[in-house]
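The values are calculated or read from the model by the stated rules, or taken from the named source; none is laboratory data. Note that the structure is a prediction, hence the values are computed from the model and not measured. Cβ placement follows ideal geometry from the backbone for every residue including glycine, while neighbour counts extend to all protein chains displayed. Note: accessible area is taken over every heavy atom of the protein model, side chains too, but ligands, DNA and RNA are not part of it. Shrake-Rupley method; radii C 1.70, N 1.55, O 1.52, S 1.80 Å.
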Amino acid sequence: MAVGRLVSSFAARNLFFFFKLLGYFATEENSFAPTSYKTFGFHFQSLIVDLSSGYSSILALLFIFSRLDYKIKKIMASTLFRNIQTHPILLYPSVLFRRKNGALYCTMKSSSSSNTTQTQTATQEKQQNPQTKVSPQTQTKVIDKRIKDYEAIIGIETHVQLSTLTKAFCGCPYNYGAQPNTSICPVCMGLPGALPVLNSKVIEFAVKLGLALNCKLSFNSKFDRKQYFYPDLPKGYQISQFDIPIASNGYVDLDLPVEFGGGHRRFGITRVHMEEDAGKLLHSGNGRYLATLSHLLQVDLNRAGVPLLEIVSEPDMRNGIEAAEYAAEIQRVVRYLGISNGNMQEGSLRCDVNVSIRPIGQSEFGTKVEIKNLNSFSSVNRAIDFEISRQVLLHSQGQSNSIVQETRLWEEGAQKTVTMRKKEGLSDYRYFPEPDLPEVILKKEYVNSIQNSLPELPEMKRRRYENMGLSMQDVLFLANDINVAKFFDATVAKGADVKLATNWIMGDIAAYMKNEKVSINDIKLIPPELAELIASIKGGTISGKIGKEILFELIEKAITGSVQQSKYMFTFSLEVDALTFWVKHGVKNLESEEKLSFLNLLLNFPPLLPLKAWLLWLVKRLDEVSTNPVRALSAVKFPNTFKSLRWIVDPAEIEKMVDKVLSENPNQLEQYRAGKTKIQGYFAGQVMKLSKGKANPGLLNKILQQKLNASS
């Protein structure tokens, strides 16, 4: 007890020494302890985050440290130190302890509102007076109030890795995920005397993209050396284009999603230029400092020399949503063109965002900050919104001079940007023309041939779908993926109703692909089958419920042939006895032509291939061959099991059921004829119940309407 009071008294008198002590434990031997601290019986981090009981809980843990062995002490201290780093409230010692009614108490901001406090960078924190009290709630209110007084200026530099067979200036292939340094040569490695040779596909892809982005092409352009020193750049310079890019002064049109307000936008394209990629640094050692640098940092040059196209936008975007949609549209364009797979997770499409703010009405731009390490479109959106808030907060505190031209990294875990390095200027790169490569000269005939080969681009496809009567939500979904768009177009080309085809693709097919994590190219369903299925439902041959069952059979079990086959066979037993019974009793009254066509369908049905020899024996006993098996099959008098799959479309049968329902519900009939017309739905429901859901809805409503409006 006395020891506890002594420790509490000591910590209360010297809080900063307490933090220093924690820092000593956490950084002992220049390494952080592993995060597997749950193994000691309870979750230390949860205990540390919950500081509502006061600072004594922390001090108690500190006291426990002295009673634990060295390893446990290091792990727990590391946990505490991490929480001090990751919880912004701990960055403000002056607000951690406050006096209330003469006693010290500890306050902890909830995690839901902690994001707003993360807008303080390490640079600002060093500059702030430690005696100044900064309330997170006050910061949030200041940002919300002041952000309306500022305008964000956003531009994006997008690097697109081209899908060429070989690299830009040598014959080495590039395969993502290959073993390090297995696709390199003297050119990739920058060895003395190795000369580059330009890959002609790079020029072709650059012209394609320039035309797709409505750019003006440079018929005479050149390559330049961009010089900087980094471990993954073996030559000490990058081959790029500086003052004469291959394309410039273009634009891209896009439609914002409906959930974000919708609307059409046009963003300018400053330039498109060709360049080569650098290598990749591999970090090892699990974050621990090792004795030799070779163990800590390794270089993989497989990516060195891979061709890139850099697309520089005009600073036309004003928020994170617009910037993310712009980047997504660039991805769609390169995929439609077939020049890149555009996979951000593989680094095939990388975005560097430039953000600045200025007061509303001011014409001059503010100080530009570049953000890197954005590996998804949602990261682009969130990083920009954070950076805007950070800069607005600095302006509101009178620290606008703290905003410097720099490169910052987006930390996904912490949801904030941190300083990486000072931003280089053009003079730092010391550009000059590449002496080992000739000029790039384009001919008009070459450009025209590429222009004529361009596919329908996303913007053109969206406008065409819009003219077909589809909603903007439907348009954006279908045009987002080129493979989905191709599937939809092929289905409609086979005569399918446009809206029904859209609903099936956006509904059940999209849900299946999402659940199974597959693309539309991976499923077995083909457009002609979907078109035939839609026609069968629309024509009343089968119900929508049965249509769904058939759809999933076509997708999952790879049923070949027509929907007519799967319509009558997807519940068919594979037992020989059942098949024999069906052949004997289901088709015994058919003509030989119909028997043969029916058996031909069975013969091509994959699950029945083991019975092929037996079926062939039956086929040989028939005389004629049918050229229209689907028509023949439609005339087959199927057993009751298969009749249950179809709508009841006989008007006389439906009329009998309607009469029965009306006679059994005289009171409801009186109410309807007295003006309560909404009760018609009740009668329809009773008929569907009587028919076990098989009455054709269109025919049922027509007959019911006639009966209800007939004079009594």
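Which residues, counting only those in the range 192-226, are over 35 Å from the mean Cα position of the chain (by Cα) and either touching a residue at least 24 places away in the same chain (Cβ under 8 Å) or open to solvent by less than 70 Å² (accessible area, probe 1.4 Å) (or both)? Steps first, please.
Restricting attention to the range 192-226, the residues satisfying the condition of being over 35 Å from the mean Cα position of the chain (by Cα) are 192-197, 219-222, 224-225.
Selection gives Ala194, Leu195, Pro196, Val197, Phe219, Asn220, Ser221, Lys222, Asp224, Arg225.
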By residue number, the members of the range 396-418 that are closer than 15 Å to Lys368 by Cβ and either within 27 Å of the chain's Cα centre (by Cα) or open to solvent by less than 50 Å² (accessible area, probe 1.4 Å) (or both) are Ser402, Ile403, Glu406, Thr407, Arg408, Thr417
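Would you confirm, using the coordinates I've provided, whether Leu500 is assigned to a helix (DSSP H, G or I) and touching a residue at least 40 places away in the same chain (Cβ under 8 Å)? Spell out the reasoning first.
Details: assigned to a helix (DSSP H, G or I): yes; touching a residue at least 40 places away in the same chain (Cβ under 8 Å): no.
Against the criterion (assigned to a helix (DSSP H, G or I) and touching a residue at least 40 places away in the same chain (Cβ under 8 Å)), Leu500 does not qualify.
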Looking at the structure I just gave you, is Phe477 modelled with pLDDT of 95 or more, outside any loop (DSSP other than H, G, I, E, B), of a type outside the set (Asp, Glu) and open to solvent by less than 70 Å² (accessible area, probe 1.4 Å)?
no
Of the residues in the range 430-474, those that are farther than 23 Å from Glu204 by Cβ, open to solvent by 60 Å² or more (accessible area, probe 1.4 Å) and either basic (Lys, Arg) or more than 30 Å from the chain's Cα centre (by Cα) (or both) come to Arg430, Phe432, Pro435, Arg463, Arg464
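Determine if the range 658-674 includes at least one residue that is of a type in the set (Ser, Thr, Tyr), open to solvent by less than 50 Å² (accessible area, probe 1.4 Å), at pLDDT 80 or above and closer than 24 Å to Ile542 by Cβ. Walk me through it before giving the result.
Quick first cut of the range 658-674, residues of a type in the set (Ser, Thr, Tyr) only: 663, 672.
From what is left, the residues that are open to solvent by less than 50 Å² (accessible area, probe 1.4 Å) are 672.
Then drop every residue that is not at pLDDT 80 or above, which leaves 672.
Those left that are additionally closer than 24 Å to Ile542 by Cβ: none.
No, the range 658-674 contains no residue that is of a type in the set (Ser, Thr, Tyr), open to solvent by less than 50 Å² (accessible area, probe 1.4 Å), at pLDDT 80 or above and closer than 24 Å to Ile542 by Cβ.
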Among (1) of a type in the set (A, V, I, L, M, F, W, C); (2) open to solvent by less than 50 Å² (accessible area, probe 1.4 Å); (3) in contact (Cβ under 8 Å) with a residue 24 or more places away in the chain, Cys185 falls short only on (3)
Here are Tyr326, Tyr336: which of them is in contact with a helix residue (DSSP H, G or I) (Cβ under 7 Å, 6 or more places away or on another chain) and of a type in the set (Phe, Trp, Tyr)?
Tyr336
Looking only at the range 333-388, filter to residues that are closer than 26 Å to Glu276 by Cβ and of a type in the set (Asp, Glu); which one of those is surrounded by the most Cβ atoms within 10 Å (Cβ to Cβ)?
Glu370
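Let me confirm something: among Val492, Val498, Val518, which residue is within 23 Å of Gly342 (Cα to Cα) and surrounded by 12 or more Cβ atoms within 10 Å (Cβ to Cβ)? Working first, answer last.
Numbers: Val492 fails: within 23 Å of Gly342 (Cα to Cα); Val498 fails: within 23 Å of Gly342 (Cα to Cα).
Among Val492, Val498, Val518, only Val518 is within 23 Å of Gly342 (Cα to Cα) and surrounded by 12 or more Cβ atoms within 10 Å (Cβ to Cβ).
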